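Structure first, commentary second.
The values are calculated or read from the model by the stated rules, or taken from the named source; none is laboratory data. Owing to the predicted nature of the structure, the values given are computational and were not obtained by experimental measurement. A quick note on method: Cβ atoms are made from the backbone with ideal geometry, for glycine too, and the neighbour counts reach across all protein chains shown.
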């Protein structure tokens, strides 16, 4: 089986090429080509045909193919359904902000976590994505939109910390100065709360932004909407978050989906304030997306304003996430579900 060269570190490529009898300077050439996103070894025009043949024999390159693209008429947000050579597909979203372009990419095909308000989990879990498959989402978006991505959010399909090793490899590759060179402070990683991996991530001190999908002020509500809470309760999760802050000095962003009649009362806000008291954090309120079969509805505007007022009175900062791509259902999971249904019919 040929090796996925797009997921290899430069040093790993150096060791392989040395074993193949190639001089050291070839490593930098091959690594730069791979990280530029070439789709064929024949595109590596400044290396010999003999070496290209060796690469074909020993390695493979992966790229993503656009199966479907939706473009918002409101704000130019682009939502992609991207497929890989094995036929599996994931979603990514490209968003335009005043500071540049942000890509929200997937880290798994599907998801195991089963959060009740999420469309991705309803389709089940298929497999992990490799680092090169994560990179290919970014490259495909850049090529299609003819832009340069400056910020990355690991908040598409999947739980990043459930694919920890591949995600860490991706982070090192995407921030490498011979690669896309996107700094860690321009990367956000979202987790629903895989506690042991939060500790591991904290010890790496990567300086990325950790976004924690909290979505509830207590264990009772969180366990009902997020099954992972039955394994790692809120106090255990918040203890890990405090450790992350202490290790990195970075503020945590708590994601909170506002669900009408479930977690959006002033009493819920007061309880959340007590849970997060004294933490270096920001609360990102997200009106819940309409997902078929859940019965959930987004909170009313006056309810959201009341919620924010309670948090601010307690000394916490909170904002409502800007809605982008509302006309194309830009939250992840729904395009893939529709694609799966089409394939079955």
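Here are some notes:
- Of the residues making up segment 99-111, none is more than 19 Å from residue 155 (Cβ to Cβ) and either in the same structural domain as residue 156 (by TED's automatic domain parsing) or in a helix (DSSP H, G or I) (or both).
- Subset of segment 2-27 that is in contact with a strand residue (DSSP E or B) (Cβ under 9 Å, 6 or more places away or on another chain) and assigned to a loop (DSSP other than H, G, I, E, B) - its residue that is surrounded by the most Cβ atoms within 10 Å (Cβ to Cβ): 8
- Subset tally (residues that are in contact with a helix residue (DSSP H, G or I) (Cβ under 8 Å, 6 or more places away or on another chain) and under 22 Å from residue 168 (Cα atoms)) for segment 3-26: 11
- Residue 272 vs. criteria more than 18 Å from residue 160 (Cβ to Cβ) and surrounded by 20 or more Cβ atoms within 10 Å (Cβ to Cβ): yes
- Single residue of 127, 185, 139 found to be over 25 Å from residue 237 (Cβ atoms), touching a residue at least 12 places away in the same chain (Cβ under 8 Å) and surrounded by fewer than 19 Cβ atoms within 10 Å (Cβ to Cβ): 127
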